[in-house]
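Okay, structure first, notes after.
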Amino acid sequence: MWLSEFGTLCESRTFVCRPFEDCMTKSFASQADLNEKLISFDRLSENAYAYTAQGDPNTGIVIGDNAVLVVDTQATPVMAGDVIERIRTVTDKPIKYVLLSHYHAVRVLGATAYAPDHIIASRDTYDLIVERGEADMRSEIERFPRLFRAVESVPGLTWPTLVFERSITLWLGKLEVQILQLGRGHTKGDTVLWLPKDRILFSGDLVEFDATPYAGDAYYSDWPTTLDAVAALQPCKLVPGRGAALQTPEQVAAGLASTRSFVTELYAAVKRGAAAGKDLQRIYLEVAAELRPKYGHWVIFDHCLPFDVARAYDEATEFRDPRIWTTERDKQMWSQLEA
Ligand SMILES: [Zn+2]
């Protein structure tokens, strides 16, 4: 789009083309996304708050009788400092727990700022950090520099100190906090936090709202079933991985439905192309044309789609498990698909 409108866009809407080279080619991933987002800090109940930022990664806050738990940390300790400032406007209880909904760098590398007693993750998330945490950190920082403000404050990988399989229940005084691994979807380690008393769910990137699901490390075949398990809890409110907090059952249903339709439509289209023997680049162009009218307005659509189609093609052909993304593989895939 930018290429065909290059002349007029650069003259009349220079904010679109920053830096200038972006007008010439589609910038890699989100390197050209430089606009800071507006942050919201929403109260969901006396025990639950949502820190959201117009489609940037969300952080959840659970306030119990004697302690605070944070769901996903933000990308750097400096960025996490902003979350802590908001928390301190509503409670002075100690932040004792950090829960990692999954292993992605942009969610976990701010953990040290909270100085928690425990960093909680599923066994599968722990295994992914061991296997690919370093590669993922380098890759994510390069893909989306704006989301790693003050990246020099990151001390290294975030290591869980409390690892569970399937589920663990935490009592924050009288507040029951269920931490559940309901199935694979966005990654194999996906973990949600459920507050049964208030029927509030923090979903991580299993559910997005008005934001494109990143599926570069996904299990497409499993994701819809895992969404069924989320829906079976019948949440009244849901904090997605990206996008605004969903504050009514109708909004929750809409978030679940739109995430499901994106994932299933994309995978079905890629499977069709692979079964017809088409190559990856042709499939990518066809899928992009098919999905853009419905989903192209979602945040990070252009960033995610090449990764999402590449992973879908892998899963539809010969790779049951997602392959590790490295900075080199990122660039190679991008130049192949966006050529
Ligand atoms: Zn993620």
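Data for the structure
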read-out	value
Filtered residues of region 190-213 (kept if within 23 Å of HIS303 (Cα to Cα) and surrounded by fewer than 23 Cβ atoms within 10 Å (Cβ to Cβ))	ASP210
Single residue of GLY55, GLY60, GLY64 found to be among the small types (Gly, Ala, Ser), within 16 Å of the ligand (Cβ to nearest atom) and under 17 Å from LEU172 (Cβ atoms)	GLY60
Selection count where residues are out of contact with any Pro (no Cβ under 6 Å at 6 or more places or on another chain) and more than 22 Å from ILE168 (Cβ to Cβ), scope region 189-218	8
Residues that are of a type outside the set (A, V, I, L, M) and surrounded by 24 or more Cβ atoms within 10 Å (Cβ to Cβ), drawn from region 58-75	ASN58, THR59, GLY60, ASP72, THR73, GLN74
Matching strands (runs of 3 or more DSSP E) fully within region 134-232 where at least 1 residues are within 16 Å of the ligand (Cβ to nearest atom) and of a type in the set (Ser, Thr, Tyr)	200-204
Answer residue from region 307-321, given it is more than 16 Å from the chain's Cα centre (by Cα) and crowded, with 19+ Cβ neighbours inside 10 Å and is farthest from GLY216 (Cα to Cα) among those	ALA316
Unique residue being at pLDDT 95 or above and of a type in the set (S, T, N, Q) when the list is THR14, THR73, THR8, THR25	THR73
Check on ALA29, of a type in the set (Gly, Ala, Ser), within 16 Å of the ligand (Cβ to nearest atom), touching a Pro at 6+ places or on another chain (Cβ under 8 Å) and not in a strand (DSSP E or B)	no
Where ALA150 falls short, out of the listed (1) in contact (Cβ under 8 Å) with a residue 60 or more places away in the chain; (2) closer than 26 Å to ILE324 by Cα; (3) buried (at least 16 other Cβ atoms within 10 Å of the Cβ); (4) over 18 Å from the mean Cα position of the chain (by Cα)	(3)
Among the candidates TYR51, TYR103, residue that is at negative phi, within 17 Å of the chain's Cα centre (by Cα), aromatic (Phe, Trp, Tyr) and not in a loop (DSSP other than H, G, I, E, B)	TYR51
Test result for ALA244, at pLDDT below 95 and assigned to a loop (DSSP other than H, G, I, E, B)	no
Among the candidates GLY183, GLY216, residue that is within 18 Å of TYR267 (Cβ to Cβ) and without any contact (Cβ under 8 Å) to a residue 60 or more places away in the chain	GLY183
Residue list for region 77-113, filter: of a type in the set (Phe, Trp, Tyr) and within 16 Å of the ligand (Cβ to nearest atom)	TYR103
Conditions (1) modelled with pLDDT under 95; (2) under 21 Å from TRP194 (Cα atoms): number failed by ASN47	(1)
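The values are calculated or read from the model by the stated rules, or taken from the named source; none is laboratory data. Bear in mind that the values here come from a model prediction, so they are computed numbers and not experimental data. Reconstructed Cβ throughout: ideal geometry from the backbone, glycine too, with neighbour counts over all protein chains shown.
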